[in-house]
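Accompanying notes for the structure given below.
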Amino acid sequence: MVAVVAPSPENRLECGVICSKKYSLLAVVRNRARRLMWESFRMLKPGLSPCRILLIPRRKMQKYSRMEATAELAGILAELQVLAKQDIHSPQE
C-alpha cells in the first residue's frame, strides 16, 4: 500500500482512495481493496492529525485480511508522522 500525505488548508482530515484497473481487471477485487483501505482508515481515524491522505493499493493486498491492512497502514502513517503515538498500556478515558 502507498500513502501520500499533504497538509490540509482547512485544517481537517481528508482521505481518498485510488484503485484503477492496473490493480486488477475484476471489479470485485478492486472493490475489496477499496473497502479494506477505507475500513483501515476508519479504524485509525481518531489518532490521525489533520491532513490530506491518498491511499493506493498494491497487488500484495489481495491476500491481506483487515487486520493486516490496518497494521500496514498504521506503520506507514506512523512513519510519515501523521499517526499519533499512543501508549497502549494507558487506560482509556
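The values are calculated or read from the model by the stated rules, or taken from the named source; none is laboratory data. What you see is a predicted model; the values in this text were computed from it and never measured. Neighbour counts run over all protein chains shown; Cβ positions are idealised from the backbone, glycine included. For the accessible areas, the whole protein counts, side chains as well, though only heavy atoms, and no ligand, DNA or RNA atoms are used. Shrake-Rupley method; radii C 1.70, N 1.55, O 1.52, S 1.80 Å.
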Notebook entry, point to check: For region 38-93, how many residues are within 25 Å of Val28 (Cβ to Cβ), open to solvent by less than 100 Å² (accessible area, probe 1.4 Å) and either at pLDDT below 90 or among the charged types (D, E, K, R) (or both)?
Noted result: 4
Notebook entry, point to check: Under the condition of being loosely packed, with under 10 Cβ neighbours inside 10 Å and not basic (Lys, Arg), which residue from region 19-37 is farthest from the chain's Cα centre (by Cα)?
Noted result: Leu25
